[in-house]
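Asker: A single structure is presented below for examination.
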Amino acid sequence: MIFGTQNCISSSVSKLISSATTSSSSCLQKRFITKVRLKWVKNRSIDHIIDMDTDLKAACLLKDAIKRSSTGFLTAKSVSDWHKLLGLTFPVLRFFRRYPTLFHEFPHARYANLPCFRLTDTAMLLDSEEQTIHQTYESDTMERLCRVLMMMKSRTMPLQSLHSLKWDLGLPDNFEKTLVPKYPDDFCFVRTSNGLPGLRLAQWHDEFSVSALQRKNESNKTGDEYRQFKRGKTALSFPMNFPRGYGAQKKVKAWMEEFQKLPYISPYEDSRQIDPNSDLMEKRAVGVLHEFLSLTIHKKTKRNYLRSLREELNLPHKFTRLFTRYPGIFYLSLKCKTTTVTLKEGYQRGSLVDPHPLVRTRKKFYHVMKTGLLYRSKGEIVTPQQDVLLDGDANSETDQAETEEEEIGTDDECYEETSAAEEDESDAD
């Protein structure tokens, strides 16, 4: 069958677990390395990025909704209850009016007191650039979607979950109509176990079943070192970037050394033979979350999105505690009245290390939004179209420099401890 290669993968995992259990059974059968619990700390730099991206995501989702509308515009009444869906804490009407460089307001033809909004010429110009990027990098998007489905236990995801993640995964709007039908040998539409419409992987790709951590180590290690890893003689280490003061603690150092020595289980391999209460399973869960966040183009997503996929990803019930237990790998943000999980290695000095082309276009959207706020305060709502496309990257660099300066200036205060009550509250939501 199309998933026949899974037998080989399952066999390799069995050998790895068997050899690891023989050589370091105490590490795999006991949980002595999991006793260290670190307090949640705030990272102002990443919180600032999440704050900006919240409005940016809402603006892009509204832009797509206007494009889908048969009339080419949205009324204030039709979006009056969308604020939670968009992640906003205030009415959508106020959001529309906040960014006049993206959304043009005009009265309804029949109801003069009903505000309507359509896209400005600048917004349509940027959307055209976004669609060009989707077409240019379509194979990259297809590969990313395949990898996500390959991580699922049933190789299937509800379309509802994929729609929630389409912004994070860089999927085009209406991807089930514009992208999926182009690859009938790779995807198929099905009904999930609970009767919901879903997308299933129709063909396994061995070349995609290499995680981001494996690819990174393969490029950094010498040929001999990587061959030793593939033979199970060495373990892959996760990049660590601890908050100030944590990395130097002897207890934390000893804990991380033991954790890094555990065998690495690829998130694309069958993990059903691993003891769910073992340290090995915990490292495997960290690896799954690491890979999933690596597949997102902003290297972050909402925690609730991951919760909805817990069973399919074969994660433990309380897997969200891993985000605060491993602050060198993940950052858990409570910004904007939601909980966002970020892969720390994806960011450096307040910006993405390797931004996807789609991220660069989204930065141009954000520049237009900020310019709209500036002009609005001066009583103007005009933005030169050419400046957006030609100077978008330069303005992004300016924003980056401002963020870096802020981070450097508050370096000593960049991380602040919270009380145990706040930590428990963050675990509970």
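The values are calculated or read from the model by the stated rules, or taken from the named source; none is laboratory data. Here the structure is a predicted model, which is why all the values come from computation and not from measurement. Using ideal geometry, Cβ is built from the backbone for each residue, glycine included, and neighbour counts are taken over all protein chains shown. In case anyone asks, the SASA skips ligands and DNA or RNA and just uses the protein heavy atoms, side chains included. Shrake-Rupley method; radii C 1.70, N 1.55, O 1.52, S 1.80 Å.
Asker: Using the Kirkwood formula over every pair of different C-alpha atoms, what hydrodynamic radius in Å results for segment 241-324?
Answerer: With all distinct Cα pairs of segment 241-324 included, I get 14.1 Å.
Asker: Turning to a different aspect of this structure: Quick one: what are the phi-derived ³J(HN,Hα) couplings along segment 82-97, Karplus 6.51/-1.76/1.60 with θ = phi - 60°, whole Hz, x for glycine and proline?
Answerer: These are the phi-based 3J(HN,Hα) values: 8, 4, 5, 4, 8, x, 9, 10, 9, x, 5, 4, 5, 5, 3, 6 Hz.
Asker: Name the residues whose placed amide hydrogens come within less than 5 Å of the amide hydrogen of I329, ignoring near sequence neighbours (fewer than 5 apart) on the same chain.
Answerer: Here N241 satisfy the definition.
Asker: What residues have an amide H closer than 5 Å to that of Q348, excluding those fewer than 5 places away on the same chain, when H is modeled at 1.01 Å from N in the peptide plane?
Answerer: V353
Asker: Pairs K299/K335; K153/K182; K63/K344; K67/K364: which are spaced more than 26 Å apart, C-alpha to C-alpha?
Answerer: Pairs exceeding the cut-off: K63/K344.
Asker: Would you mind listing how long segment 34-170 runs along its three principal axes, going by Cα atoms, in whole Å with the largest first?
Answerer: Ordered largest first, segment 34-170 gives principal extents of 64, 39, 26 Å.
Asker: Another question about this same structure. Could you work out how far the C-alpha centroid of segment 312-337 sits from that of segment 93-153, in angstrom?
Answerer: The two parts, judged by their Cα centres, are 30 Å apart.
Asker: With all protein chains present and a 1.4 Å probe, how do H356, H317 order by accessible area, largest first?
Answerer: H317, H356
Asker: If you average the sequence gap of Cα pairs under 8 Å that are 6 or more apart and divide by the length of segment 25-168, what percent do you get for the contact order?
Answerer: Worked out over segment 25-168, it gives 16 percent.
Asker: Show E282, E258 ordered by accessible area, largest first, where the area counts protein heavy atoms only and the probe is 1.4 Å.
Answerer: These residues rank, largest area first, as E258, E282.
Asker: With bins 5 Å wide starting at 0, give me the P(r) of segment 54-103 over every alpha carbon pair, in whole percents.
Answerer: Spelled out per bin, shortest first, that is 4, 21, 36, 29, 9, 1.
Asker: At a probe size of 1.4 Å, how large is the accessible area of K318, to the nearest 10 Å²?
Answerer: Spelled out: K318, probe radius 1.4 Å, area about 130 Å².
Asker: How do W255, W82 stack up against each other in accessible area, from largest to smallest, with a 1.4 angstrom probe?
Answerer: Correct descending sequence by accessible area is W82, W255.
Asker: Would you kindly find the accessible area of T101, with a 1.4 Å probe and non-protein molecules such as ligands, DNA and RNA excluded, rounding to the nearest 10 Å²?
Answerer: Taking all protein chains as shown, T101 has close to 0 Å².
Asker: Continuing with this model, one more query. In whole Hz and in residue order, list the ³J(HN,Hα) couplings for segment 54-63 that follow from phi through the Karplus curve 6.51 cos²θ - 1.76 cosθ + 1.60, θ = phi - 60°; x for Gly and Pro.
Answerer: With coefficients 6.51, -1.76 and 1.60, one gets 4, 5, 4, 5, 4, 5, 5, 5, 5, 4 Hz.
Asker: Among F73, H48, V92, pick out the residue whose Cα is farthest towards the positive end of the charge dipole of segment 39-131, where Lys and Arg carry +1 and Asp and Glu carry -1 on C-beta, about the Cα centre.
Answerer: So the residue furthest toward the plus end is V92.
Asker: Right, here's the next one. At a probe size of 1.4 Å, how large is the accessible area of M124, to the nearest 10 Å²?
Answerer: Only protein atoms counted, so the area is about 110 Å².
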